[in-house]
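Report on the structure given below.
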Amino acid sequence: MSTAIKVKAQKFKENTNFYKAQNFFLQNNWDSTLVYSMKEINESRNKEILDYCHYFRAISFKEKKLLDESKKELNQISSGFPFSYKVKMKLGEIALSKNNFKLALQYFHETEKLTNKQLYDIKFSTVLHNIGLCYLHLENYEKAEEYLFKSAKRQEIEKDTLLLIGSYMDIATLYYQQYKDNQAIPYFEKAYHLSQKAKSLELKQNATLNMAVVEENRKNFPLALNYRKEYEKWKDSLNDQNKVWAIADLEKKFAIKQKQKEVDILEAENKIKAAERNGFLASSILLLILFGTGIYFYRQKIKKNRIILKQKNELDELNATKDKLFSIVSHDLRSSVNALKTSNGKLIENLKSKNFTELDTLLNTNSTIANSTYNLLDNLLNWALLQTKQSYFFKESLHLASIVQHVEYNYKPLMLSKNIGFKNEVAKSEYVFADTDSLKIIIRNFLDNAIKFSKENGLISIYTRTSTEEYCYLIIEDTGVGMSEDTISDLLKDTMLLSKKENDDIIGTGLGLQLCKSMIYKNGGSLEIESKENVGTKIIIALQKFKNHE
């Protein structure tokens, strides 16, 4: 399909917004795709272009988990669209995700009637598998069994390991729901053993979790615990994989730069020595040239010494910040790991005594510690990238409500677990001129703090207030513990020195706030904090508006 899109882009190259929309779509830049496809829809009357733009928007919304918006866009695509079979497939997948299984079956059965030639970029086994899932949810086990086995048979022939693992797990679930454990367990085991050969950490994680549940139901708790440990290992690997590679690459680049600096310094020193030798040789001919050359090199040396001294002072300041950062981070990490170690000891004791109420509490505690530690490491990586000027930074027009909604989606389960209410009243008309990744990091950190410092039955609100001609104001308000005026003053100081939070029960280094302040300033914005102790806190972020989005 990408080839066809590129052909259309060349055909309608004069339609600038369409050309940009398809380019961002092929790069999986969903936010920019939404912006430029909407501009083209508002300007264009060409039915062919409109179909492609609605399709771009539908896929972008689907990738951002905004299924209702995706469905609306798909329904606006005409029947003459050359990829109408993909539209039906996507509508079926959305209906399946929203548990509307009967509607999903209608779309999948329509797709099933097409030939392999007509479905050249969709695997037929995937269509069969989706139909089987619908029947499984509708508890039509006979039909579900028929289609799931058809799908698995095709995947075995095609040696499609990843899809086959999913089929085995769904077949096992089919039997498990009918209490046919003896038929279900072999397929759980097949999926588990096959996942060991796969590279997908997510499949390894799911297959291992299924085996843990099977052994728990068998009352084989020691083996179930081993599977649970393996599940946690895959879960941690999935979370940390990208971060580990990013940090390793950063360290490598930093080492190369340091070596290059040393080489440059040596080359500069050699050049100075060579120049000085040439000057002394010339002194035997002309005393005036010697005198002038001596003064020149003396001044150059003074200038370079001043530069070196300035760089040394800056380096000393950075090292002081780095040392304090490492001290605080290592202390928090040690505290977190020690807390996790202690909690795991209690977990094993309660597992032996089968105290499931306490087990649930301990597992939730472990999850909270792990999430806090992960956020600390994530902020540390972004801070390091920012300090070494390695981070990619590109400002563009962004739909503020979409960015907030995307970040909000990841934090809803955490708010539900603490029974915290949430209101999102960000104006749909606001567009800002900022870097996508840094804006998400800013909102994510402040939302994480709001949750962290809010008590149960609290309320978090995100909204925009009346904006000026230049700036849009995004406000994150909570009903948490609040802070004093002195604390607010300290937090807003322009310094890179970090400080601990006043509440030692809450993991934190102040790094997140320093990171957010740096990114807000880099985006041309500003930060204000309004707070009262035991009442709540308002974080007010001023962002530059994008004026030409209409």
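Here, each number is a calculation from the coordinates, and none is a lab measurement. Values in this document were obtained by computation on a predicted structure and should not be read as measured data. Virtual Cβ from ideal backbone geometry, glycine too; neighbours counted across all protein chains shown.
Step through the residues of region 397-402 one at a time and calculate ³J(HN,Hα) from phi using the Karplus curve (6.51 cos²θ - 1.76 cosθ + 1.60, θ = phi - 60°), rounding each to whole Hz and writing x for Gly and Pro.
For region 397-402, the Karplus curve yields 6, 10, 7, 4, 4, 5 Hz.
Quickly rank 515-524, 274-283 as a protection proxy: mean count of other C-beta atoms within 10 Å, highest first.
Working: 515-524: 18.9, 274-283: 12.5.
Order by mean packing, descending: 515-524, 274-283.
Amide H of residue 471 versus every other amide H placed in the peptide plane: which residues, excluding those fewer than 5 positions away on the same chain, fall under 5 Å?
For residue 471, the qualifying residues are 545.
In what sequence, highest mean first, do 122-129, 349-356, 414-421, 301-308 appear when ranked by Cβ atoms within 10 angstrom? Please list the in-between numbers first.
Numbers: 122-129: 19.9, 349-356: 12.8, 414-421: 14.9, 301-308: 10.8.
Averaged packing, sorted descending, gives the order 122-129, 414-421, 349-356, 301-308.
Tell me which residues come under 5 Å, amide H to amide H, from residue 460 once H is placed; ignore anything under 5 positions away on its chain.
Hits under the 5 Å cutoff: 421, 422, 423.
Tell me, what ³J(HN,Hα) does each residue in region 190-200 have, in order and in whole Hz, if you take phi through Karplus 6.51 cos²θ - 1.76 cosθ + 1.60 with θ = phi - 60° and put x for Gly and Pro?
For region 190-200, the Karplus-derived couplings read 4, 4, 5, 5, 5, 5, 5, 8, 8, 8, 6 Hz, x marking Gly and Pro.
Which residues' amide hydrogens lie under 5 Å from the amide hydrogen of residue 531, considering only partners 5 or more residues apart or on another chain, with H built in the peptide plane?
538
In the structure shown, do any of 90/150; 354/412; 428/545; 88/204; 90/190; 65/123 have a Cα-Cα gap over 19 Å, and if so which? Working shown, then result.
On the way: 90/150 21 Å; 354/412 31 Å; 428/545 13 Å; 88/204 31 Å; 90/190 30 Å; 65/123 23 Å.
Distance filter (> 19 Å) returns 90/150; 354/412; 88/204; 90/190; 65/123.
Quick one: 3J(HN,Hα) in Hz for region 482-487, Karplus 6.51/-1.76/1.60 with θ = phi - 60°, rounded, Gly and Pro as x.
x, 7, 7, 4, 5, 5
Which of the peptides 469-478, 525-534, 87-96 is most tightly packed, and how do the rest follow, judged by the mean count of other Cβ atoms within 10 Å per residue? Let's see the in-between values first.
Working: 469-478: 18.7, 525-534: 14.7, 87-96: 20.8.
Ranking the peptides 469-478, 525-534, 87-96 by packing returns 87-96, 469-478, 525-534.
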